Amino acid sequence: MADLITKDDLKPYGATDEQLALPLVDVLIGSASDAVIDAAGSPILESRSTVEITAMPARILRLPGLPVREIHSVTIDGQPVTGWTRIAAGIYREPRWSHDRLEIVTVEYTHGLPAVPNDVKDLVARMVLAGLIAAEDGPAAFALNNGGVSSVAIDDFKEAYATGVDVEAVTEMTLPERTRRWLERRFGGGGPNIRGQL
């Protein structure tokens, strides 16, 4: 996957030349970028991809990886399909996509943005900086966070730990569920996954 920021994007946040020279920075940039792209459900930057979608009886076939910029080919069971119109969220077709049988529609298309939006760059930069700050504490900082104290009672002492889905972050590269949903909605994830980039 493509990195969403460069080392230079970390300078406005106060990252020093000494920090930027660390090999760990490249690892963290790649890891944070992958986490954000995974949550988005599709590449954020403009890509040419192929996706297979199970068509429902509807006139709009929604495609992942918004915005849809150009449709190169549309086939059903290997046969070219005509009579469709590209829209920002996918393809519109006056006769419905599926009538009385299961149809697998294969679409080759160009989608995504020409540049990474500033708020997405900010998210990735903050994830990388959190990783750098944790690294300053030495190797012990790289232990996985599998749960921390979630509550303490004093009388008849009780202590509870957050585990499983209650753990907010396993590492600095773990996105909260709310952020994952935001990225998914914004970039058209949540539907079929993009099979491959061309």
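Every read-out reported here was derived from the displayed coordinates using simple, explicitly stated rules and does not represent laboratory data. All of these numbers come straight from a predicted model, not from anything done at the bench. Cβ: placed from backbone, ideal geometry, glycine included. Neighbour counts: every protein chain shown.
Things worth noting here:
- Computed about the Cα centre, the dipole magnitude for region 47-112 is approximately 240 debye when only Lys and Arg (+1) and Asp and Glu (-1) carry charge, each at its Cβ.
- Placing R0 at 41 angstrom, the Cβ-Cβ distance between residue 106 and residue 171 gives a FRET efficiency of 0.65 after rounding to 0.05.
- Cα-based reach from residue 121 at 26 Å (exclusive), listing lysines while leaving out same-chain residues under 8 positions away: 7, 11
- The length gained by stretching the chain between residue 158 and residue 179 to full extension, at 0.36 nm per residue less their Cα-Cα distance, is 4.3 nm.
- Magnitude of the charge dipole for region 1-123, about its Cα centre and with charges confined to Cβ atoms of Lys, Arg (+1) and Asp, Glu (-1), is about 660 debye.
- Taking other C-beta atoms within 10 Å as the exposure proxy, 87, 133, 5, 44 rank 133, 87, 5, 44 from fewest upward.
- Loop trypsin sites (Lys or Arg not before Pro), region 1-85 (other Cβ atoms within 10 Å of the site Cβ: 15 or fewer; DSSP): 59
- Approximate spin-label separation residue 11-residue 59, in nm, with each point projected 7 Å along Cα-to-Cβ: 5.2
- Nearest-0.05 FRET efficiency for residue 46 and residue 94, computed from C-beta distance (R0 35 Å): 0.75
- In terms of surrounding Cβ atoms within a 10 Å radius of their Cβ, 99, 111 rank from fewest to most as 99, 111.
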